[in-house]
Amino acid sequence: MKTNFLNPELEKMPREQLLALQQERLVRMIRYTAANNAFHRDRYRQAGLDPETFRGIEDMERVPMMSKIDFRNQYPDGMCCVPKNQIVEMHQSSGSTGTPVVMLYTKNDIRMWGECMGRCYRMAGADAADVLQITPTLGLFNGGMGCFHGGRAADMFIVPASSGNTVRQIKLINDFQTKVLIAVVSYGSRIMEVAGEMNVKMPSLKIGIFGAEAFSEGMKEKLRAGLGIEVFDIYGMTETGGIGTLGQDCPAHCGTHVWEDHFYVEIIDPETGKVLPDGEEGELVVTSLSSEAIPVVRFRTGDLTSIISRETCACGRTHLRLAPIKARRDDMIIIKGVNCFPKQIEQSLLKVKGVLPNYQIILDEVNGIQNMHIKVEAEPGVTGYMVEKQLKEDLGFSPDGEVLPPGTLPRQEGKAKRIFRMKNGELIG
Ligand code: DLL
């Protein structure tokens, strides 16, 4: 297994030391946020939490939780803990409900982000001077700039391609001998598709790092086989400071190593808010341990996962591992009394030989009854019946499946829109 380390001392830190570091940083973070920001101060007061008596991990359940709604209510800088002249960068995600979620960064925050991302590259086996092609947008979306800061931290040769112009992306890969390709999952699949249409090989590519969307095993396998690379699953979000802040899997591919010196994670029961034991699936809650501008304290991510292990990994890292993200809580679909998530649908569709990773899930509520219609691209020979049969076998119900020729569905350069909600035939979201 080839894995490299950007900061071996911290990545392989014995767990007792890592825990001691977390304790110290948690205590400091509660006091820091209370001292520097009214939003945090008020919510601690309302919950009866005295920051001066907070002792760390054993007191975490006394700390109130926060969510995306708080980010929206505090738009644009209500959660900031430092004076404006210390802010050096910002990013925002648009979300579906209007008000954006904003993240602000101090110099140290950018350094920390770069280090998290740089660790991810090295963990995937990248060396200094390897060519890194960045395809997430370099702009307001955190994806591109996070990749950039990480590339600098890991001393790589950066090709800042940004999103779009897939033919040019492929030319850049071959002209500059890109070894590490980083992309939103569906864009990785788009590059693979266009290279196939052009009948162009990309032999320099060795490492593909993908994320930002539900990422099924079937999709990982398609990318692995189609691009002839090792595939890594990278995780992060605007609210924790962006891509890579919450880690990635290592070449052992047994879960996402969370950078625990910078983030403390818990899994809660989404209904009761109680912390769940390791191994049980629930909602991920994150607390920043070293962010300065906008640290999160018990932030409910909305993402469903579980803690797989806190044992030292075969790669040598001691930082705990999360299961790949199953879904966002609010993406749960209920059809005929059966619950399912988009990733399960993707996994099921990709089992059908000849089905391509381009699909849409259309949910249409007609007179109070929810129906599901699936449009999927496939090679000739695949029928709607084959798709329906597989879905019935895996999900327990049978949405109607419509098979379309390759290239029919629209392609997106950012996150793919897969779910379309309709009411009595009209698009509502
Ligand atoms: O999507 C950051 C990112 C960019 C991660 C590029 C990886 C690659 P946001 O736009 O704020 O930030 O969206 C964050 O995307 O809460 C998850 O629901 C989802 N997500 C991110 N990574 C993964 C992943 C970026 N590896 C939201 N698997 C998160 C599944 C993911 N879902």
### Query
Which ones in the range 192-222 are within 16 Å of the ligand (Cβ to nearest atom) and acidic (Asp, Glu)?
213, 217, 221
### Task
Identify the single condition in (1) of a type outside the set (Ser, Thr, Tyr); (2) assigned to a helix (DSSP H, G or I); (3) within 16 Å of the ligand (Cβ to nearest atom) that residue 111 does not satisfy, given that it satisfies every other one.
(3)
### residue 223 being more than 18 Å from the chain's Cα centre (by Cα) and open to solvent by less than 10 Å² (accessible area, probe 1.4 Å)
no
#### Entry: Scan of the range 296-308 for residues that are over 16 Å from the mean Cα position of the chain (by Cα) and either within 16 Å of the ligand (Cβ to nearest atom) or open to solvent by 20 Å² or more (accessible area, probe 1.4 Å) (or both), ordered by number
296, 298, 308
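Given the criteria crowded, with 18+ Cβ neighbours inside 10 Å, within 29 Å of residue 183 (Cα to Cα) and touching a Lys or Arg at 6+ places or on another chain (Cβ under 6 Å), does residue 363 qualify?
It is true that residue 363 is crowded, with 18+ Cβ neighbours inside 10 Å, within 29 Å of residue 183 (Cα to Cα) and touching a Lys or Arg at 6+ places or on another chain (Cβ under 6 Å).
Table: residues versus (1) of a type in the set (A, V, I, L, M); (2) out of contact with any Leu (no Cβ under 6 Å at 6 or more places or on another chain); (3) in contact (Cβ under 8 Å) with a residue 40 or more places away in the chain.
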site	(1), (2), (3)
256	no, no, yes
269	no, no, no
289	yes, yes, yes
314	yes, yes, yes
### Message
Can you confirm whether residue 121 is farther than 30 Å from residue 330 by Cβ and assigned to a helix (DSSP H, G or I)?
### Response
yes
### Query
Is there a residue being modelled with pLDDT under 95, in a loop (DSSP other than H, G, I, E, B), of a type outside the set (Asp, Glu) and within 14 Å of the ligand (Cβ to nearest atom) anywhere in the range 124-143?
no
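Does the range 223-245 hold any residues that are assigned to a helix (DSSP H, G or I) and near the ligand (Cβ under 9 Å from one of its atoms), and which are they?
Passing the criteria: 238, 239, 240.
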### Task
Can you give me the ranges of the strands (runs of 3 or more DSSP E) entirely in the range 247-340 with at least 2 residues that are farther than 30 Å from residue 396 by Cβ?
263-268, 282-288
### Query
Looking at residue 158, is it assigned by TED's automatic domain parsing to the domain that holds residue 247, over 19 Å from residue 231 (Cβ atoms) and in contact with a His (Cβ under 9 Å, 6 or more places away or on another chain)?
no
### Task
Please give the number of the condition residue 125 fails out of (1) on the phi > 0 side of the Ramachandran plot; (2) open to solvent by 50 Å² or more (accessible area, probe 1.4 Å); (3) not polar (S, T, N, Q).
(2)
### Query
Could you say whether any residue in the range 367-381 is away from the ligand (no atom under 16 Å from the Cβ), touching a helix residue (DSSP H, G or I) at 6+ places or on another chain (Cβ under 9 Å) and not β-branched (Val, Ile, Thr)?
yes
### Task
Using the structure shown, decide if residue 211 is closer than 21 Å to residue 414 by Cβ, open to solvent by less than 20 Å² (accessible area, probe 1.4 Å) and in contact (Cβ under 8 Å) with a residue 40 or more places away in the chain.
no
### Task
Check off (1) surrounded by 15 or more Cβ atoms within 10 Å (Cβ to Cβ); (2) not in a strand (DSSP E or B) for residue 182 and give me the number that stays unchecked.
(2)
### Query
So, in the range 258-281, of the ones that are under 16 Å from the mean Cα position of the chain (by Cα) and more than 17 Å from residue 66 (Cβ to Cβ), which residue ends up surrounded by the most Cβ atoms within 10 Å (Cβ to Cβ)?
259
### Query
Any idea which of 57, 87, 69 is open to solvent by 40 Å² or more (accessible area, probe 1.4 Å), within 30 Å of residue 232 (Cβ to Cβ) and outside the structural domain of residue 154 (by TED's automatic domain parsing)?
57
### Task
Determine the pairs where a residue that is without any contact (Cβ under 8 Å) to a residue 12 or more places away in the chain, located within the range 188-208, has a partner that is assigned to a loop (DSSP other than H, G, I, E, B) with Cβ atoms under 6 Å apart, the partner being 6 or more residues away or on another chain.
none
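Name the single residue that is surrounded by the most Cβ atoms within 10 Å (Cβ to Cβ) among those in the range 311-330 being more than 15 Å from the ligand (Cβ to nearest atom) and farther than 16 Å from residue 262 by Cα.
Ranking the qualifying residues of the range 311-330, first place goes to 313.
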### Task
Select from the range 144-153 the residues that are within 16 Å of the ligand (Cβ to nearest atom) and either open to solvent by less than 40 Å² (accessible area, probe 1.4 Å) or closer than 20 Å to residue 5 by Cβ (or both) and list them in ascending order.
144, 146, 147, 149, 150, 151
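The values are calculated or read from the model by the stated rules, or taken from the named source; none is laboratory data. Only a predicted model underlies this, so the values are computations on that prediction, with no experimental measurement involved. Reconstructed Cβ throughout: ideal geometry from the backbone, glycine too, with neighbour counts over all protein chains shown. When the accessible area is computed, the model is the full protein with side chains, heavy atoms only, and any ligands, DNA or RNA have been set aside. Shrake-Rupley method; radii C 1.70, N 1.55, O 1.52, S 1.80 Å.
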